[in-house]
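The values are calculated or read from the model by the stated rules, or taken from the named source; none is laboratory data. Note that the coordinates shown come from a computational prediction; the quantities given were computed from them, not determined experimentally. Neighbour counts are summed over all protein chains in view; Cβ atoms, including those assigned to glycine, are modelled from backbone coordinates with ideal geometry. Accessible surface is based on the protein model in full, side chains and every heavy atom, while ligands, DNA and RNA are left aside. Shrake-Rupley method; radii C 1.70, N 1.55, O 1.52, S 1.80 Å.
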Amino acid sequence: MNVFLGVVCIAFCVFLGYFFSYKYTDRKNFYVNFYNFNQKLKSEVNFTKRTLISMVKELEGKQDGFSKVIYAKIIDEKEVIIKENYLTIDEKNSLYNYLDGLGNSDFYTQLKILESIDGELKDKKEKSIIDEKRYKILYIKLGFLCGLAILILLL
């Protein structure tokens, strides 16, 4: 009976580790989508000159954090409050400034703004990818070790 309970504890602790590591996956997805949107917007401003609204409408129905935020700001024209807990206050303020600046300037100014934020987004995207690889595995291993410690204590 104790062995069965210990195995259940191991499984539960591994699940908890996976659950707590999911914020790194959400953060990575957020910055990958943010970076891809900025790249697409930059090319649209440069070449095809599609409207911002038509680009954002393509994101309709996506459930990731960035798509929901930009869709609510541009299409629904709501005041956006970012609830994602995997972003720091400075990152949220930076995102608010980015969203407020979209489509509010001329062609050359908008292009310079998009190019200036591009490097910052690329760095954050790469860092979030590295963090996800590192910490997701770490959290799962820590969950396993905690479960294993509980199993040893039960025996």
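Scalar couplings 3J(HN,Hα) for the range 118-123, obtained by applying the Karplus form with A = 6.51, B = -1.76, C = 1.60 to θ = phi - 60°, are 4, x, 4, 5, 5, 4 Hz; x denotes Gly and Pro. For every other residue with a beta carbon closer than 13 angstrom to the beta carbon of Glu126, add +1 if it is Lys or Arg and -1 if Asp or Glu, then tell me the sum. Cβ neighbours under 13 Å give a net charge of +3.
Per the Cα gyration tensor, the range 1-77 maps to an equivalent ellipsoid with semi-axes of 42, 12, 8 Å, ordered largest to smallest. How high is the FRET efficiency between Val3 and Lys62 when r is their beta carbon distance and R₀ equals 30 Å, given to the nearest 0.05? The formula returns an efficiency of 0.10 here. Extents of the range 21-155, largest first, come to 70, 28, 25 Å (Cα atoms, principal axes, whole angstrom). With R₀ fixed at 30 Å, the C-beta to C-beta distance from Tyr96 to Lys49 puts the FRET efficiency at about 0.70. Computed with a 1.4 Å probe on the full set of protein chains, the accessible area for Ile89 sits at about 130 Å². Add +1 for every Lys or Arg and -1 for every Asp or Glu among the other residues with Cβ under 13 Å from the Cβ of Ile140, and state the total. My count for the surroundings of Ile140 gives +3.
For the range 1-115, the solvent-accessible area with a 1.4 angstrom probe is 61 square angstrom per residue. Only helical runs count toward this figure. For the chain, summing -39,500 (n - 2.57) over DSSP H runs of n ≥ 4 and dividing by all residues gives -27000 deg cm²/dmol at 222 nm.
Per-residue SASA remark: Asp123, around 100 Å² accessible (1.4 Å probe; ligands, DNA and RNA not included). Nonpolar atom fraction for the range 40-155, defined as the carbon and sulfur part of the 1.4 Å probe accessible area, stands at 59 percent.
Each residue, Asp76 and Ser116, gets one label point 7 Å from its Cα in the Cβ direction; the gap between the two is 3.0 nm. By a 1.4 Å probe calculation restricted to protein chains, Val32 has an accessible surface near 40 Å², given to the nearest 10.
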